[in-house]
Amino acid sequence: MRVPTYNRQTQQTAKTGAINFSVRANPGALSAGMRGLATLGDAVTGAALQYYQTETKERRLNELTKAENAYKVQMQNLKLASLNEDPNTVINGNPSQGKFSFERQALDDMMKIANLIDDKKVRSSFMQSAEQIMIGERASVFQSARNRQIDIAVADELQAAELLIKDAVQGNGHQRAVAMLELFGGSQQVGSPNEPPRTVVGIFDQMADRDLITREKAFNLKKNTQQRIAKSDFRTRLASADRSGNPAEAAQLVADVMDPKNFSDMKPEDRDTAFTQAVNLEQQLQKRAVQLAEKAETTAAREQKNRHSDNARKIIARIITADENPNNERAQSDRPTSLEIANLLTTDGISDAFARTANDLINDVDADVRDPDLIAGIFSDISVAKTDEQIDAAVARITPNMGKNGTIPLQDALALLRFADGKKNKTLETKDIDFYRQQLDDITGATAYRISGMGVGEDEVFRQADAADTYRRLTTDPANPMPAREAYQMVIEQFFRARKQRIDFLAPAPFLDIYFGGKKPSEWTAQDVSGARIAITSNRNLTELEKTLEFETLDQITKLIESRPPPPPPGDPQQGDSTWKDWWNNWWGNSNSLSDRENDIRNPG
Amino acid sequence: MGFLFELQAGKQEQAAYNYNTDINERNADVSEQQGEQLVFQEEQNIVDFRKQFDDLQAATSQAFRYNGWIASEGTPLKVALANAQEADEEIATRRYNAKVGRAELNEQATQERMQGQLNRMYGRAANIRGKARAAASLIQTASSFASV
């Protein structure tokens with residue numbers, strides 16, 4: 001039997017138990033933190049540097065800007081000052097006056113400002129920029145100074161030219177010739193005729209030669225001056241013609257200006273204007289001559305009219321004075337005579353019409369009848385007249401209606417004439433008369449009647465006319481005119497009393513009391529009127545006007561009495577008895593009107 | 001605002017490195033455990049081997065006795081001793097190999113740990129870098145604001 005044996009099966013490993021480490025440290029990853037910190041440090045440093053850089057830059061820029069601004073302000077001041085300085089001093093300075101040129105002053109100011117800057121870089125930058133500023137301003141200032149130099153020279157020359165133009169236009173012949181030569185140049189003979197003439201260059205060409213102005217400018221100035229002189233020549237002629245007032249001179253000017261040989265330098269449009277002006281002047285002068293002739297004629301007519309009017313008024317006044325004072329020798333001796341009237345007519349002192357009227361008046365031939373409406377109409381026309389011509393037109397209606405066959409008595413005529421005078425002279429009394437006349441017309445209804453034309457009854461119209469006439473006569477009484485206000489109050493009282501008493505004329509209350517014993521109008525009798533007429537005639541205290549008015553009132557009362565129906569014969573129904581008509585009216589109910597009841601109360605019988 | 005993202009990026013990078021470190025730590029532990037397991041397994045194998053070897057020795061003694069030999073002396077004894085010598089060497093070799101394997105696994109664990117340490121260092125560096133970048137961004141932003 002086989003004996004088993006054992007041999008080791010496992011071989012010893014060749015491994016050592018150690019391995020090669022594959023782990024490796026990543027330097028980049030490990031140093032990332034430090035590199036991050038390095039980045040941070042760089043960022044911190046960069047930011048700090050940037051801040052410092054920015055701050056420094058800003059500070060320097062700020063300082064530079066301040067300095068530049070200060071220098072610019074200084075430059076502006078210098079520039080402004082240079083405008084008031086002599087141009088030569090601005091450019092070159094004036095050592096004798098201790099004045100420096102603009103450039104020197106600008107450099108001084110630059111250095112003053114630069115010395116105040118501590119930072120070298122800022123100072124350097126400022127010097128550079130300030131120099132540029134100064135160069136720019138210097139060019140501008142020098143250009144301005146040169147322009148002013150030229151302007152001054154041009155102004156001097158133009159002023160000289162103006163003086164020459166003045167001589168050419170306003171001077172005498174020699175002055176004009178010299179001025180024209182110096183203005184526009186030419187040849188002038190000096191000394192003996194054998195010597196060559198002296199050539200003169202015109203002032204504008206001289207300016208161009210000196211480069212003060214361009215040739216084109218010189219040409220324009222020369223041409224304009226020639227045109228100005230031509231226009232001035234024409235104006236001188238025009239003014240002369242105007243002053244002379246002679247249309248022939250203006251006509252000659254028209255003919256001259258139409259001829260191109262005259263005023264040869266005048267522009268065509270100026271010539272057209274001049275022609276129009278000359279023609280207009282000629283027409284104006286002709287018109288003026290006609291107007292002067294017409295005016296002279298009108299003045300003569302007006303003077304004649306005034307003369308006639310004044311003389312007529314004086315004659316009328318003397319006639320009235322003589323009539324009112326028959327015992328006064330002086331008044332009688334002053335009475336106009338027919339011879340005086342004839343002389344006045346011969347010397348054109350009065351009109352033919354008034355001469356006839358005056359003769360009538362001298363011979364005590366007054367108007368046969370009195371027309372109150374005509375007189376009131378003339379009075380009203382004078383009262384409402386706005387111009388002297390309107391007053392004259394109203395007054396002209398007086399004289400033809402005086403004297404024999406006339407309707408305006410002497411007294412009324414004189415009153416109207418005096419009122420017209422007062423109106424023309426705008427006296428206070430006349431204004432008062434106008435004012436209260438207007439008030440009177442308004443309150444009596446005359447104004448409304450005149451405007452509307454509506455009928456108010458014949459008796460009311462009569463009362464209105466009588467009120468106006470009475471007011472006029474009282475206020476324009478030649479002997480003793482009543483103040484307008486008092487006349488107005490008196491007439492108004494009479495007007496309303498007349499309306500109440502149903503009479504169509506005005507009568508003063510004292511008059512009725514004295515002569516009619518306060519009777520009612522229905523009780524007035526013819527005997528009362530006769531007694532009153534006798535009493536008035538014998539009353540020496542009354543003026544002629546008062547007597548006239550009272551006689552007229554008595555005439556009106558007489559008409560009233562005569563207009564009454566005769567009393568019924570005995571046995572017939574008497575006044576106040578009831579009639580069939582009354583019965584019918586009472587039955588119908590229409591008779592009990594207000595006016596009837598007033599009548600019943602007023603006339604109970 | 002960029003500085004906030006830089007800061008967060010650094011933190012995330014560190015977190016990634018830390019994560020890798022944890023994996024390395026685990027791998028190291030696994031390797032060590034494998035090493036121990038290897039030794040332990042080899043000891044179990046040795047125990048089995050010893051049983052098998054005892055069976056072999058008994059068979060050898062039986063064979064000798066079958067052949068008429070006294071198994072406890074003379075050649076059978078030498079053979080038995082030689083077998084025993086071989087078996088001991090076998091066991092020693094197996095133990096040696098197991099220890100070498102464990103040492104190798106330990107080495108791997110060490111390597112993983114070293115990698116973990118590196119990752120942790122990388123994470124810290126990344127964190128620092130993120131903070132630095134964030135600060136730099138912040139400073140740049142502030143500088144930009146200041147220069148406006």
Query raised in the report: Can you tell which of B:ALA98, B:SER144, B:GLN57 lies farthest toward the positive end of the dipole of chain B, using +1 and -1 charges on the Cβ of basic and acidic side chains (Lys, Arg; Asp, Glu)?
Result: B:SER144
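What does the accessible area per residue of segment A:363-484 come to in Å², with a 1.4 Å probe and no ligands, DNA or RNA counted?
Working: 5850 Å² over 122 residues.
Dividing the accessible area of segment A:363-484 by its residue count gives 48 Å².
Give me the net charge of A:PHE511's neighbourhood, meaning all other residues with Cβ under 10 Å from the Cβ of A:PHE511; Lys, Arg count +1, Asp, Glu -1.
On the way: positive: none; negative: A:ASP513, A:GLU546, A:GLU550.
Cβ neighbours under 10 Å give a net charge of -3.
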Query raised in the report: Tell me, how many Å apart are the Cα centres for segment A:288-334 and for segment A:21-90?
Result: 112 Å
Query raised in the report: If we count every other residue with Cβ under 13 angstrom of A:ASN359's Cβ, Lys/Arg +1 and Asp/Glu -1, where does the sum land?
Result: -2
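Express the accessible area of segment B:2-147 per residue in Å², computed with a 1.4 Å probe while the remaining protein chains stay in the model. The partial results should precede the final answer.
Details: 8420 Å² over 146 residues.
That works out to 58 Å² per residue.
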Query - Volume per residue that the Cα convex hull of segment A:52-210 spans, once the total is divided by residue count, Å³ - result: 159 Å³
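In the neighborhood of A:LYS99, defined by Cβ-to-Cβ distances under 10 Å, what is the net charge if each Lys or Arg adds +1 and each Asp or Glu adds -1? Can you show the working numbers first?
Numbers: positive: A:ARG104; negative: A:GLU85, A:ASP86.
Summing Lys/Arg as +1 and Asp/Glu as -1 gives -1.
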Report summary line: Partner aspartates and glutamates whose C-alpha sits under 13 Å from that of A:LYS426, ignoring same-chain residues fewer than 8 away, are A:ASP388, A:ASP434
Report task. On a 0 to 90° scale, report how tilted helix B:74-147 is relative to the longest principal axis of chain B, with both axes built from alpha carbons and the result rounded to the nearest 10. Result -> 0 degrees
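Taking both sides together, what accessible area is buried at the A/B interface, probe 1.4 Å, expressed in Å² and rounded to the nearest 100?
Numbers: alone 38710 and 10440 Å², together 45640 Å².
Using a 1.4 Å probe, the pair buries roughly 3500 Å².
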Report summary line: Helix A:428-444 sits off the longest principal axis of the Cα atoms of chain A, rounded to the nearest 10 on a 0 to 90 degree scale, by 80 degrees
Query - Positive dipole terminus of segment A:330-398, leading residue within A:ALA331, A:SER383, A:VAL369 (C-beta point charges) - result: A:ALA331
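Throw me the Rg/Rh for segment B:2-147, computed over C-alpha atoms with Kirkwood Rh, two decimals. List each step's numbers first, then the result.
Numbers: Rg = 31.6 Å, Rh = 20.4 Å.
We get a ratio of 1.55 for segment B:2-147.
Can you pull the mean other chain C-beta count within 10 Å for peptide B:70-79? List each step's numbers first, then the result.
Details: counts 0, 1, 0, 0, 0, 1, 1, 0, 0, 4.
Mean partner shielding for this stretch: 1.
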Query raised in the report: Helix A:173-184 sits at what angle to the longest principal axis of chain A, using alpha carbons and giving 0 to 90 degrees rounded to 10?
Result: 30 degrees
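Beyond 20 Å between alpha-carbons counts as too far, so tell me which of A:LYS231/A:LYS267; A:LYS222/A:LYS267; A:LYS431/A:LYS500; A:LYS404/A:LYS559; A:LYS99/A:LYS120; B:LYS78/B:LYS99 fall in that bin. If you can, show how the numbers build up before the last one.
Values: A:LYS231/A:LYS267 9 Å; A:LYS222/A:LYS267 13 Å; A:LYS431/A:LYS500 31 Å; A:LYS404/A:LYS559 26 Å; A:LYS99/A:LYS120 32 Å; B:LYS78/B:LYS99 31 Å.
Over 20 Å apart, Cα to Cα: A:LYS431/A:LYS500; A:LYS404/A:LYS559; A:LYS99/A:LYS120; B:LYS78/B:LYS99.
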Query raised in the report: How large is the charge dipole for chain A, taken about the Cα centre, if only the Cβ atoms of Lys, Arg (+1) and Asp, Glu (-1) carry charge, to the nearest 20 debye?
Result: 5660 debye
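Exactly which trypsin sites (Lys or Arg not before Pro) in segment B:34-119 are in a DSSP loop and have at most 11 other Cβ atoms within 10 Å?
Values: sites: B:ARG50, B:LYS51, B:ARG65, B:LYS78, B:ARG94, B:ARG95, B:LYS99, B:ARG102, B:ARG113; in loops: none.
Listed in order of number, the matching sites amount to none.
Within 10 Å of each candidate Cβ there may be at most 13 other Cβ atoms; applying that plus a DSSP loop requirement, which trypsin sites (Lys or Arg not before Pro) in segment A:1-84 survive?
Working: sites: A:ARG2, A:ARG8, A:LYS15, A:ARG24, A:ARG35, A:LYS57, A:ARG59, A:ARG60, A:LYS66, A:LYS72, A:LYS79; in loops: A:ARG2, A:ARG8, A:LYS15, A:ARG24.
The qualifying sites are A:ARG2, A:LYS15, A:ARG24.
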Query - Cα extents of chain A along the three principal axes, largest first (Å) - result: 222, 147, 54
Report summary line: Distance in nm between A:ASN280 and B:GLN12 label points, each 7 Å along Cα→Cβ, equals 9.9 nm
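Roughly how big is segment B:2-147's charge dipole about its Cα centre, with Cβ charges of +1 (Lys, Arg) and -1 (Asp, Glu), in debye to the nearest 20? Working shown, then result.
On the way: 16 positive and 20 negative charges, 181 e Å.
Its charge dipole is roughly 860 debye.
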Requested in this report: Report the trypsin sites (Lys or Arg not before Pro) located in segment A:396-492 that are in a DSSP loop and have at most 16 other Cβ atoms inside 10 Å of their Cβ, or state none.
Outcome: A:ARG397, A:LYS404, A:LYS426
Query raised in the report: Among A:PHE354, A:ILE315, A:HIS174, whose Cα lies farthest out toward the positive end of the dipole of chain A, if unit charges sit on the beta carbon of Lys, Arg (+1) and Asp, Glu (-1)?
Result: A:HIS174
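The values are calculated or read from the model by the stated rules, or taken from the named source; none is laboratory data. The shown structure was predicted, so the numbers you read here are calculated from the model rather than taken from an experiment. Positions of Cβ are backbone-derived with ideal geometry, glycine not excepted, and every protein chain shown enters the neighbour counts. Accessible surface is based on the protein model in full, side chains and every heavy atom, while ligands, DNA and RNA are left aside. Shrake-Rupley method; radii C 1.70, N 1.55, O 1.52, S 1.80 Å.
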